[in-house]
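Every read-out reported here was derived from the displayed coordinates using simple, explicitly stated rules and does not represent laboratory data. Please read these numbers as outputs of a predicted model, since none were measured by experiment. We place every Cβ from the backbone using ideal geometry, glycine too, and count neighbours over all the protein chains shown.
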Amino acid sequence: MLIRVGDRAPAVVSALTAQGILIKDRSREHGCEGCVRMTAGVVEHTTRALAAMEEFLCAAQ
């Protein structure tokens with residue numbers, strides 16, 4: 001899934017990668033500006049990834 005996080009895409013990728021969550025920065029691709037890509041897999045992994053992203057984005061505000 002593509003998630004639009006704006007100009008924070010590189011920081012989101014760094015923060016989640018540091019937690020062992022694989023996520024790709026797609027913000028430089030045409031039509032995906034400001035987006036990161038996360039693949040939905042096992043429910044527990046997806047839940048963990050979304051919680052980590054929410055925590056990072058809320059803390060950054």
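Over the alpha-carbon set of the range 2-59, divide Rg by the Kirkwood Rh and report the Rg/Rh ratio to two decimals. Dividing the radius of gyration by the Kirkwood radius yields 0.95. Placing +1 on each Lys and Arg Cβ and -1 on each Asp and Glu Cβ, with no other charges, gives the chain a dipole about its Cα centre of roughly 140 debye.
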